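Data first, discussion second: the structure below is written as structure tokens.
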């Protein structure tokens, strides 16, 4: 006798036990194209699985995060960054009794549209396109219409909203409420992204000989901790404590949000500015970064002139040549873009 029919009821019962402020699959705003439900997974679980099994997710393993073509096996890639974001986000969501499945799906999908060569590739495409380019919007484009040969992954609205609104401005990690994801789970993924990249980028900068732990600002070391694990623990615990209303344990008359206490937020923003000045802007000025930007420009110009040579199923044939070229380049890994440039006769 099969018990498959019992699985859904068990999963729904578990989800019903979450905080009253948690997003629930049963209350999702749904997918653009209705589908038959799965007998053994809730909707946000299906989204997570679709992202993990996508081609875009696989390619993250060979996309730069900060350091281009580093000499070593332990530098962060876009894939390892994504996995760290998902782990941190799930820890926070679980502590606040929110929906881990939704948080994880957003985290795993947030960088699917990121360019090769990190933000150097993103900046280069932004200079070339009529309306600019941002990786969060491209990630949404990937899951909505580029994956699966042009049909997209057909994810739920909540996951797509979290992917679109995960980015942070140059000025700091917090933004106006109108720019936040609609769900608390999306807000968690957004902050988990910052926690992950700030801390693993410190580790990579130390690996590269740019920094030592003692170089971090004194206020940052005093507030967040002197070591990698201390900083992550401080940030996660502070977010959980500051966001405790999201658990529903303080009643339903509160308006919960996901945030940090003032001293921790100030230290985080100071650390972020320090990293821009000492690492990100330094890396942007290196010859490899300039070469990467130049290569993106050259590839774009070539494929705008030769759209018939775009051999990827990650473009839409009816789009204008500039859009097809941008989609093709944004989907490339670093190694593929470099090899392609060499085959076209460009100095890389």
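The values are calculated or read from the model by the stated rules, or taken from the named source; none is laboratory data. On a predicted model such as this, the values are computed, not experimentally measured, just so you know. Reconstructed Cβ throughout: ideal geometry from the backbone, glycine too, with neighbour counts over all protein chains shown.
In segment 165-190, what residues are buried (at least 19 other Cβ atoms within 10 Å of the Cβ) and in a helix (DSSP H, G or I)? Within segment 165-190, 184, 185, 186, 187, 188, 189, 190 meet the criteria. All of 265, 299, 281, 271 fail the test of being assigned to a helix (DSSP H, G or I) and without any contact (Cβ under 8 Å) to a residue 12 or more places away in the chain, apart from 281. Residue count for segment 19-60, restricted to those that are within 22 Å of the chain's Cα centre (by Cα) and either assigned to a helix (DSSP H, G or I) or farther than 22 Å from residue 183 by Cα (or both): 19.
Residue-wise test of (1) part of a strand (DSSP E or B); (2) surrounded by 19 or more Cβ atoms within 10 Å (Cβ to Cβ); (3) at negative phi; (4) at pLDDT below 95.
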{"position": "66", "(1), (2), (3), (4)": "no, yes, yes, yes"}
{"position": "71", "(1), (2), (3), (4)": "no, no, yes, yes"}
{"position": "74", "(1), (2), (3), (4)": "no, no, yes, yes"}
{"position": "86", "(1), (2), (3), (4)": "no, yes, yes, no"}
{"position": "89", "(1), (2), (3), (4)": "no, yes, yes, no"}
{"position": "97", "(1), (2), (3), (4)": "no, no, no, no"}
{"position": "107", "(1), (2), (3), (4)": "no, yes, yes, no"}
{"position": "111", "(1), (2), (3), (4)": "no, yes, yes, no"}
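None of 211, 191 is more than 21 Å from residue 258 (Cβ to Cβ) and in contact (Cβ under 8 Å) with a residue 24 or more places away in the chain except 211. Restricting the first member to segment 248-261 and to residues that are touching a residue at least 12 places away in the same chain (Cβ under 8 Å), and the second to residues that are assigned to a loop (DSSP other than H, G, I, E, B) and surrounded by 11 or more Cβ atoms within 10 Å (Cβ to Cβ), the beta-carbon pairs closer than 6 Å and six or more apart or on different chains are 248/19; 248/20; 248/21; 252/20; 256/21; 258/243. Residues in segment 326-346 that are over 17 Å from residue 67 (Cα atoms) and in contact (Cβ under 8 Å) with a residue 40 or more places away in the chain: 326, 327, 329, 330, 331, 340, 341, 344, 346. Identify, please: which residue in segment 148-164 is touching a helix residue (DSSP H, G or I) at 6+ places or on another chain (Cβ under 7 Å) and outside any helix (DSSP H, G or I) and is, among those, farthest from residue 36 (Cα to Cα)? Ranking the qualifying residues of segment 148-164, first place goes to 152. Taken together, 48, 59, 78, 31 contain a single residue that is surrounded by 15 or more Cβ atoms within 10 Å (Cβ to Cβ) and either within 22 Å of residue 279 (Cα to Cα) or without any contact (Cβ under 8 Å) to a residue 40 or more places away in the chain (or both), which is 78. Note on segment 229-258: residues that are outside any helix (DSSP H, G or I) and surrounded by 17 or more Cβ atoms within 10 Å (Cβ to Cβ) amount to 4. Taken together, 125, 102, 164 contain a single residue that is at pLDDT 95 or above and under 28 Å from residue 205 (Cβ atoms), which is 125.
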